[in-house]
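These notes are about the structure you will find just below.
The values are calculated or read from the model by the stated rules, or taken from the named source; none is laboratory data. What you see is a predicted model, and the numbers here were worked out from it, not measured in a lab. All Cβ positions, even for glycine, are placed from backbone atoms using ideal geometry, and neighbour counts span all protein chains on display.
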Amino acid sequence: MTTNASAVTAKPEALGRVTFLDGQGEMPMLEISTAWSTAGIYLHGAHVTQFKKKDEPPLLFMSQCSRFTDGIPIRGGVPVVFPWFGAREGSSQHGFARVKVWDLKEFVPAPDGSVSVRFRLPDCPEVSGYPPFTADYIVTVNQSLTLQLIITSQSKDAEFTFEDCLHTYFEVGDATAISVRGLKGISYLDKVAGYVEKTETDDLLRIASEVDRTYLNTTGTVEILDPRLGRKILVEKQGSASTVVWNPWIAKSRQMSDFGDEEYQRMVCVESGNVASNSISLPPGGSSTLTVKLSSETLK
Ligand code: BG6
């Protein structure tokens with residue numbers, strides 16, 4: 001396991017832009033600073049908790065009630081959901097990757113001022129039920145935030161089937177005032193209606209009640225139009241066939257002990273991955289990369 005700074009491969013010019021510190025719950029984290037932005041990443045879950053462009057509100061929503069405790073996911077930011085999405089009998093929801101302390105492997109500075117950090121999921125008892133694999137996660141910080149989850153089978157003979165999802169929580173001015181664009185005509189599973197399959201009819205999806213939808217067979221960019229913050233967020237992706245949109249609304253917010261009763265008003269999750277019928281089956285030795293680029297611009 002490699003979590004200490006001295007064991008990490010780093011070029012000197014990157015060191016000024018990466019700071020190691022104890023975060024909340026005294027959990028180790030990295031703060032990254034570039035000419036355009038700052039970011040925070042916990043080793044717990046390789047969890048990005050912050051991305052903020054200079055002169056802009058934070059891009060990522062973080063719950064004020066989040067716990068920072070071993071074995072429990074952080075509420076907000078970007079939980080890494082792997083190797084399954086949703087509930088699984090006898091196991092915790094959304095896989096084990098988000099509650100493991102990932103190994104920090106390297107910083108990769110780029111001449112353009114970007115900083116990339118690579119993490120690897122450590123060996124843990126839970127992987128024993130799967131063919132051998134590696135899971136790497138590369139976070140690149142510059143004007144935007146780019147996240148890459150790379151799963152590589154190390155098996156010589158077995159297929160490896162899994163789901164993955166970057167469960168991104170976005171900060172918005174008022175959830176009831178935003179529109180989510182880019183999903184019209186796409187089929188989705190409506191969890192609020194008991195996983196009934198429906199087709200999105202709206203060009204601009206609005207939030208006025210609990211929303212929990214898994215859109216399938218969709219690879220396109222999704223935009224979040226936020227008139228209150230005067231911001232458009234772009235969620236661009238590659239290697240992803242599913243998009244999940246979630247807002248817990250009033251009753252579910254009250255049920256969640258690590259989420260404020262009113263916090264649903266300031267967030268929306270637009271999650272990119274490969275889930276349900278879009279799960280990935282890797283042949284022996286195969287590899288798959290899920291890439292999500294998050295950026296923002298002024299809403300015109
Ligand atoms: C979403 C699911 O991805 O995650 C929701 O679609 C779920 O059903 C939500 O409630 C949060 O999950 P968790 O495990 O982080 O509370």
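When L225 is tested against (1) within 18 Å of the chain's Cα centre (by Cα); (2) surrounded by 15 or more Cβ atoms within 10 Å (Cβ to Cβ); (3) more than 14 Å from the ligand (Cβ to nearest atom), just one condition goes unmet, and that condition is (1).
Exactly one residue among V127, V139 is among the hydrophobic types (A, V, I, L, M, F, W, C), outside any loop (DSSP other than H, G, I, E, B) and free of Cβ contacts under 8 Å to residues at least 12 places away in the same chain, and that residue is V127. For D203, the criteria (1) more than 16 Å from the ligand (Cβ to nearest atom); (2) acidic (D, E); (3) within 30 Å of P131 (Cβ to Cβ) hold in every case but one, which is (3).
Scan region 230-246 for residues that are more than 10 Å from the ligand (Cβ to nearest atom) and crowded, with 20+ Cβ neighbours inside 10 Å and the total you get is 8.
Counting only residues that are outside any loop (DSSP other than H, G, I, E, B) and of a type in the set (S, T, Y), which one in region 38-97 is nearest to the ligand (Cβ to nearest atom)? Taking the candidates together, the pick is S91.
Criterion first (under 30 Å from L299 (Cβ atoms) and of a type outside the set (A, V, I, L, M)) does F61 satisfy it? So F61 fits the description; yes.
When we screen F160, F170 for residues that are of a type in the set (F, W, Y) and farther than 23 Å from I250 by Cα, the only hit is F160. The set of residues from region 127-170 being among the charged types (D, E, K, R) and more than 21 Å from the chain's Cα centre (by Cα) comprises K156, D157, E159. Scanning region 17-36 turns up at least one residue that is away from the ligand (no atom under 16 Å from the Cβ), surrounded by fewer than 23 Cβ atoms within 10 Å (Cβ to Cβ) and under 22 Å from I224 (Cα atoms).
The residue pairs whose first member lies in region 251-268 and is of a type in the set (D, E, K, R), whose second member is in a helix (DSSP H, G or I), and whose beta carbons are closer than 6 Å, counting only pairs six or more residues apart or on different chains, are D261/S253; D261/R254. Taking each residue of region 80-99 that is more than 10 Å from E163 (Cβ to Cβ) and touching a residue at least 40 places away in the same chain (Cβ under 8 Å) and looking for partners that are of a type in the set (D, E, K, R) and within 12 Å of the ligand (Cβ to nearest atom) with beta-carbon atoms closer than 7 Å, six or more apart or interchain, yields V80/R98. A single member of F162, F133 is aromatic (F, W, Y) and over 20 Å from S272 (Cα atoms), and it is F133.
Screening F119 on (1) assigned to a loop (DSSP other than H, G, I, E, B); (2) away from the ligand (no atom under 16 Å from the Cβ); (3) buried (at least 21 other Cβ atoms within 10 Å of the Cβ) shows it passes everything except condition (1).
For the condition modelled with pLDDT of 95 or more, within 18 Å of A46 (Cα to Cα), out of contact with any Gly (no Cβ under 9 Å at 6 or more places or on another chain) and within 16 Å of the ligand (Cβ to nearest atom), F133 does not qualify. Against the test of being touching a residue at least 60 places away in the same chain (Cβ under 8 Å), touching a helix residue (DSSP H, G or I) at 6+ places or on another chain (Cβ under 7 Å), more than 28 Å from G129 (Cα to Cα) and in a strand (DSSP E or B), the options F20, F107 yield a single qualifying residue, F107.
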